[in-house]
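K.L.:
Below you'll find the structure I mean.
What follows draws every value from the coordinates through simple rules; no lab data is involved. Please read these numbers as outputs of a predicted model, since none were measured by experiment. For neighbour counting, all protein chains shown are included, and Cβ atoms are generated from backbone atoms with ideal geometry for every residue, glycine included.
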Amino acid sequence: MGPLAAGRLPPGMNAPGAPSLELQALLDAAADAIIIIDHRGAIQLFNHSAERLFGYTAKESLNRNVNILMTERDREQHEAYMERYLRTGVAHVIGIGREVQARRKDGSVFPAFLSVGRIAGSDPPRFVGFVHDATLRQQAMGAIQRERDRANRYLEAAQTILVALDLNHRVTLVNRKGCEVLGFEESALLGVDWFQTVVPEGQRTRAVVEFDALVEVAPRRPHHSEYAVITRSGERRLIAWRCVVLEDALGVATGILCSGDDVTDSRHAETDAREARERMMHVSRLATMGEMASGISHELNQPLAAIANYAQAAARLLAAPTPELADVTDALQQISAQALRAGEIIRRLRNLVRNRETHRELAHINEVVEELGPLSRADARASDVRIVSELGVQLPRVSVDRIQIQQVLLNLLRNAIDALDATPAGQREIVIRTERNPVGDILVTVADTGPGVPDQLLPRLFMPFATTKSNGTGLGLAISRTIVEAHQGRLDYQPNRPRGATFTLMLPAEQG
Ligand SMILES: Nc1ncnc2c1ncn2[C@@H]1O[C@H](COP(=O)(O)OP(=O)(O)O)[C@@H](O)[C@H]1O
Ligand SMILES: [Mg+2]
């Protein structure tokens, strides 16, 4: 067998005679380098692509050992393989491709992908190898790996919990922060059922239902939810989650990625603050009630005295030889009416004093004002003050906590009654007005004809403990403003004309 041109089939590989044209074309067109060697490793065939890839011509490669195409390291391994194969018939490489370091004629080395097969029926055996340059592939893999490393570093550095779950709720990824919060090693979490493992039983069903719904519902938007996790030490942490569906290239959901922030501590702080605020309001309501006590006890005394009088009258009427039963009936009816009146005052008081949680509702402001009537009038009458209501008509409803707004109004009325102390009896008047401003907000004004707020107090008027009264707390206006601002409203002061004070409570109109 003489030297072969590139791709010329070696004798014996095909039927004797010229190699088939088809095979020749195949070899020439192949993108892979195709090399055939005999059992000693001598090159028998070297196609066009092999020439291009390795820099040898077919001619110069022929009958040379294939190890000229290998690096030092692979050379030894190759010989060991061949030796073993020939001795034992156990193939280690055949049929499986593998990555190798290949060497060009000029000595340069490149990563190559090699697959080897034995030529069936050849004896002694001959082998065919397919080789292609794996540089690009390796570069791409390297780039992917670097991307992955970078993504991993982001995951690790994140101050938020990151967890990915597959469709069966198994953890496929959890970052360092997640492990930290949960107190588990990453390996202890990967592959476990997330909901069964970390979500407390009481919240599990909801969390699972939300998860499954998120996967099913299209279009897919980030989903926010809150549920707790139980840490390894048994502690419960409340987490605010934001989840997105992970999809494959075809848009099919493959799982969910969730980021979570531990909101346990901030929630506690919020609750503490809310409770403190509610306690303070309660105390301040009690204080307002205390200020009103004399007026109210006077108001309660009236029906009680009337009841006593009517009862005595009824007894006298019944003691007569021929009792006038119609008069007795009349007295009893009066007793019952007065008792209802007293009961009503007590009921209102109880409502205001009760410790309670904030509760918003859509309400007519006039009703809120009128409900205060019995209490405020009781207080006012005791100080010879007249309260005049000017209630607007067809006012839109407002979203308020009734009791809180009533507390504000009572504070304003109480202050106005105090302010009228020096005004001669008979001229003591408070006007309470409800109306709508041009942009539709609700205004409630409480105006008196007292001395007005002294100028030097104005900058501190709404601050806690700003008081000019010997027995004052200076909390009334401060708390009132807090309440109103919690309603997105405003509480302001203007001097009244020609004299006195005007406090305006603005509540934003209900949208839509
Ligand atoms: N209608 C008013 N007229 C004049 N001064 C007022 C009026 N309302 C409040 N003030 C002044 O504002 C101060 C603070 O009121 P407030 O916060 O209710 O506390 P307190 O009533 O306990 O003093 C009062 O002490 C008073 O000087
Ligand atoms: Mg006050």
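K.L.:
Return the distance in nm (one decimal) between the two label points of a simple spin-label model at Leu26 and Leu286, each offset 7 Å from Cα along Cα→Cβ.
P.N.:
A separation of 9.9 nm, rounded to one decimal place.
K.L.:
Return the loop-located GluC sites (Glu not before Pro) in region 82-185 (DSSP other than H, G, I, E, B) with at most 13 other Cβ atoms within 10 Å of their own Cβ; answer none if there are none.
P.N.:
Sparse-neighbourhood loop GluC sites (Glu not before Pro): Glu185.
K.L.:
Sticking with this one: Can you list the cysteines of the chain that have no other Cys Cβ under 4.7 Å away?
P.N.:
Cys179
K.L.:
Which percent of the Cα-Cα distances in region 271-507 go past 28 Å?
P.N.:
Working: 10572 of 27966 pairs.
Result for the distance tail: 38 percent.
K.L.:
What FRET efficiency comes out for Glu485 versus Gln159 if R0 is 35 angstrom and r is the Cβ-Cβ distance? Round to the nearest 0.05. It would help to have the intermediate numbers written out before the result.
P.N.:
Details: r = 32 Å, r/R0 = 0.92.
Step by step, r from the Cβ atoms, then E = 0.60.
K.L.:
For region 21-138, what relative contact order do you get, as a whole percent, if you take Cα pairs closer than 8 Å and at least 6 residues apart?
P.N.:
Numbers: 210 pairs, mean separation 30.4, N = 118.
The normalised contact order for region 21-138 reaches 26 percent.
K.L.:
Given R₀ = 30 Å, FRET efficiency for Gln494-Leu304 by Cβ-Cβ distance, to 0.05?
P.N.:
My answer for the efficiency is 0.15.
K.L.:
Alpha carbons only, please: Rg and Dmax for region 158-262, in angstrom.
P.N.:
Cα-based Rg and Dmax for region 158-262 come out at 12.9, 41 Å.
K.L.:
To make sure I understand the rule: partners must be aspartates and glutamates, Cα under 12 Å from the Cα of Lys105, and not fewer than 8 residues away in the same chain. Which ones qualify?
P.N.:
Once the sequence-local aspartates and glutamates are set aside, what remains near Lys105 is Glu51, Glu60.
K.L.:
Dividing the alpha-carbon Rg of region 21-138 by 2.2 N^0.38 Å yields what?
P.N.:
Values: Rg = 13.5 Å, N = 118, 2.2 N^0.38 = 13.5 Å.
Taking the Cα Rg and dividing by 2.2 N^0.38 Å, one obtains 1.00.
K.L.:
Based on the alpha carbons, how large is the Rg to Rh ratio for the chain when Rh follows Kirkwood?
P.N.:
Ratio of gyration radius to Kirkwood radius: 1.42.
K.L.:
Could you tally the net charge around Phe113, taking each other residue with its Cβ under 14 Å from the Cβ of Phe113, Lys/Arg +1 and Asp/Glu -1?
P.N.:
-2
K.L.:
Where Rh is the Kirkwood radius over the Cα pairs of region 373-463, the temperature 20 °C and the viscosity 1.002 mPa s, what D in µm²/s does Stokes-Einstein return?
P.N.:
Details: Rh = 14.5 Å.
Reported coefficient: 148 µm²/s.
K.L.:
Continuing with this model, one more query. In which sequence would Arg104, Arg98 go, from the one with the fewest C-beta neighbours within 10 Å to the one with the most?
P.N.:
Ranking Arg104, Arg98 by Cβ neighbours within 10 Å, fewest first, gives Arg98, Arg104.
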